[in-house]
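The values are calculated or read from the model by the stated rules, or taken from the named source; none is laboratory data. Fair warning: this is a prediction, and the values are worked out from it, not measured in the lab. As a convention, Cβ positions derive from the backbone with ideal geometry for all residues, glycine included, and neighbour counts pool all protein chains shown.
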Amino acid sequence: MGNAFKTIDHFDLKTKIVLVRVDFNVPMRHGKILDVTRIKRTLPTLIELMNRGSKVVVMSHFGRPNGKKDLDFSLKPIAGALSVISGKSVVMTKSCVGEGVKKIINEASSDSIVLLENLRFHPGEEDNALDFAMELAGLGDCYVNDAFSCSHRAHASVEQITKLLPSAAGRLMEAELSALDKALDSPERPVSALIGGSKVSTKLAVLGNLVKKVDQIIIGGAMANTFLASKGKFIGNSLFEQDMVGEACAIMANAAESDCKIILPMDVVVATQLVEGAKKEACSVEEVQAGKVILDIGPKSVDRLVKNFSNIRTLIWNGPLGAFEYKPFDFGTNVIAQEVARLTAANNLLSVAGGGDTMSALVNAGVQDKFSYVSTAGGAFLEWVEGKELPGVVVLRS
């Protein structure tokens with residue numbers, strides 16, 4: 001990937017109307033935003049553009065209104081939050097295209113931000129329709145993509161619009177691409193990938209690509225149960241995928257051929273059921289009893305990983321090691337996350353994490369700001385780890 005993509009440094013943006021694609025698809029309940037991280041992360045790009053004399057027009061999707069105007073999915077609550085967080089006046093449009101929108105943009109002060117209404121109120125957005133992209137492009141002079149998390153989608157505001165306007169990556173996109181490049185395309189070795197979560201089936205392509213790229217893969221969460229079962233271990237009533245046992249064997253065989261070490265738990269924490277505060281006990285993977293459920297990695301596995309990380313220079317993390325949403329089964333994930341944060345602070349490790357569950361697990365461990373880079377992207381991050389070309393990134397290459 002390298003840094004061979006256009007950034008806002010490539011353009012003179014003074015007096016230009018700049019369309020900035022962001023991802024304001026934030027968690028919301030009853031009209032109240034639960035997490036403003038994605039809004040905050042766009043500010044460096046928006047403020048820099050304004051300081052350079054641009055008029056900024058922000059566009060985003062929110063939820064799945066299926067190409068129809070549905071006020072339950074309006075960006076209106078986000079306009080208020082953006083104004084508070086940025087300290088700027090935010091002018092909200094009632095649509096995302098049309099003469100009325102053009103008029104609002106032209107009349108807006110250059111010290112205010114114009115926020116277009118939900119792009120997905122228009123069917124042309126998800127259809128990657130040229131006519132809709134042309135309407136969007138007609139609103140501005142340049143286009144900036146600051147939404148890596150949407151860039152695995154060939155949508156009109158992500159891919160098609162780049163054929164119609166001078167286009168560049170914003171600062172958030174630039175930081176994301178740079179971090180991902182350092183982690184997987186040109187990493188300092190040894191490289192470790194920690195892949196957790198519940199299902200092997202959703203991470204099959206990820207694992208298939210990683211065995212060729214990294215030096216070791218640590219497998220945690222319920223995914224590890226499927227791998228343990230494939231090695232003939234008894235896992236009690238633990239969650240696993242029977243139909244993925246063969247795939248787990250194939251991944252281990254491919255890893256051996258590629259000289260990639262697969263690290264599975266040597267001991268586990270079990271309980272009779274997954275509930276908050278359940279009575280837990282640790283046992284080796286050879287000693288799981290009938291009626292027990294594996295819910296976290298065990299203390300010996302934690303110690304082994306802590307020692308192991310002192311020899312690692314690059315870490316890619318996706319997915320928790322246990323059922324971290326329920327105490328005390330967040331212990332393994334918390335200790336490992338805190339150790340990664342410590343090594344990162346000491347400049348001994350480049351740590352890049354991504355995915356919704358991963359972000360929540362790092363917040364739970366109190367280290368969400370202590371990794372080298374934490375991506376807010378879910379699907380885009382996974383597709384990048386799979387080695388796929390992302391439509392919204394390819395079009396920004398210089």
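For the stretch 128-154, the set of residues classified as within 22 Å of VAL26 (Cα to Cα) and touching a His at 6+ places or on another chain (Cβ under 8 Å) consists of CYS150 only. Of all residues in the stretch 69-99 being outside any loop (DSSP other than H, G, I, E, B) and either touching a residue at least 60 places away in the same chain (Cβ under 8 Å) or acidic (Asp, Glu) (or both), which is farthest from LEU116 (Cα to Cα)? By that ranking, first place goes to ASP72.
For the stretch 287-310, check the following and say yes or no: at least one residue is within 27 Å of the chain's Cα centre (by Cα), at pLDDT below 95 and outside any helix (DSSP H, G or I). Yes, some residue in the stretch 287-310 is within 27 Å of the chain's Cα centre (by Cα), at pLDDT below 95 and outside any helix (DSSP H, G or I).
Residues being in a helix (DSSP H, G or I) and either buried (at least 19 other Cβ atoms within 10 Å of the Cβ) or out of contact with any Asp or Glu (no Cβ under 8 Å at 6 or more places or on another chain) (or both): count how many of those fall in the stretch 209-239. Before you say what the answer is, go through the steps one by one.
Of the stretch 209-239, the ones in a helix (DSSP H, G or I) are 209-210, 221-230.
Then keep just the ones that are either buried (at least 19 other Cβ atoms within 10 Å of the Cβ) or out of contact with any Asp or Glu (no Cβ under 8 Å at 6 or more places or on another chain) (or both); that gives 210, 221-230.
Here the count works out to 11.
Filtering LYS203, LYS163 for residues that are not polar (S, T, N, Q) and not assigned by TED's automatic domain parsing to the domain that holds SER95 leaves a single hit, LYS203.
Hey, could you check the stretch 152-180 for residues that are among the polar types (S, T, N, Q) and more than 16 Å from ALA4 (Cβ to Cβ) and say which is nearest to the chain's Cα centre (by Cα)? Restricting to residues being among the polar types (S, T, N, Q) and more than 16 Å from ALA4 (Cβ to Cβ), the top hit is SER157. Exactly one residue among ALA250, ALA222 is modelled with pLDDT under 95 and under 27 Å from GLU383 (Cα atoms), and that residue is ALA222. Among the conditions (1) closer than 25 Å to GLU287 by Cα; (2) modelled with pLDDT of 95 or more; (3) crowded, with 17+ Cβ neighbours inside 10 Å, LYS261 misses just one, which is (3). Looking at LEU43, LEU34, LEU49, LEU19, just one residue is free of Cβ contacts under 8 Å to residues at least 12 places away in the same chain and among the hydrophobic types (A, V, I, L, M, F, W, C), and that residue is LEU34. Close contacts from the stretch 133-147, counting a first residue that is assigned by TED's automatic domain parsing to the domain that holds VAL58 and a second that is polar (S, T, N, Q) and part of a helix (DSSP H, G or I), with Cβ to Cβ under 8 Å and a gap of 6+ residues or different chains, come to ALA133/GLN160; TYR143/THR162; VAL144/THR45; ASN145/THR162; ASP146/THR42; ASP146/THR45.
Take the residues in the stretch 351-374 that are of a type in the set (S, T, N, Q) and part of a loop (DSSP other than H, G, I, E, B), then tell me which one is farthest from ALA222 (Cα to Cα). If we take residues in the stretch 351-374 being of a type in the set (S, T, N, Q) and part of a loop (DSSP other than H, G, I, E, B), then SER372 is farthest from ALA222 (Cα to Cα). I'd like to check something: does the stretch 198-206 contain any residue that is at pLDDT 95 or above and not in a helix (DSSP H, G or I)? Within the stretch 198-206, none of the residues are at pLDDT 95 or above and not in a helix (DSSP H, G or I).
Evaluated against (1) of a type outside the set (Gly, Ala, Ser); (2) modelled with pLDDT of 95 or more; (3) buried (at least 17 other Cβ atoms within 10 Å of the Cβ), GLU48 falls short on exactly one condition, (3). For the stretch 342-364: of the residues being modelled with pLDDT of 90 or more, crowded, with 20+ Cβ neighbours inside 10 Å and within 18 Å of the chain's Cα centre (by Cα), which is farthest from SER198 (Cα to Cα)? Once the filter is applied, the top-ranked residue is LEU350.
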